[in-house]
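Supplied in structure tokens, the structure appears directly below.
The values are calculated or read from the model by the stated rules, or taken from the named source; none is laboratory data. This one's a predicted model, so the numbers in the text were calculated from it and none came from an experiment. Here Cβ is always computed from backbone atoms with ideal geometry, including for glycine, and neighbour counts include all displayed protein chains.
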């Protein structure tokens, strides 16, 4: 036999194995994954709406609420993803948590579109320094916030290998 025959025999053997249709489809086409993100998205959007309603940015004011939302979201996402990574592979309940909370809740809680819009509004109002501060703090402190979340998860978490 040659490599071609070996390859086709392996493919034929794979067809006899039972297949979970949910796991054989790309993640973005799996109804369960879509539902997890959608459910989380409803929650995160509600939290952001509540924060923006409680502390609205008035015309011409610095967008503190969006800044705080994005910084806390970066911190929580860093902590969540590191905690999940330390607990084992990205499958089963870990994947569902990552999709629901990480992608859904935190993805809809944080808001790049508001960050971009508010930056443009600051520039339109000729508040170049405020726009520069907003952009810099959002990116730099956001990166540090995500890193702090990762460090915190490492300090207070245990690796899956350590539990064995």
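Determine whether residue 50 is in a helix (DSSP H, G or I), modelled with pLDDT of 95 or more and surrounded by fewer than 16 Cβ atoms within 10 Å (Cβ to Cβ).
yes
Which one of these is free of Cβ contacts under 8 Å to residues at least 12 places away in the same chain and over 28 Å from residue 30 (Cβ atoms): 144, 115?
Checking each option against the conditions leaves just 144.
Which of the residues belonging to the range 53-74 are part of a loop (DSSP other than H, G, I, E, B) and touching a residue at least 40 places away in the same chain (Cβ under 8 Å)?
57, 60, 62, 63
Also, quick follow-up: List the helices (runs of 4 or more DSSP H) inside the range 79-164, counting only whole elements, that have at least 3 residues being on the phi > 0 side of the Ramachandran plot and either exposed (fewer than 12 other Cβ atoms within 10 Å of the Cβ) or modelled with pLDDT of 95 or more (or both).
Result: empty, no element qualifies.
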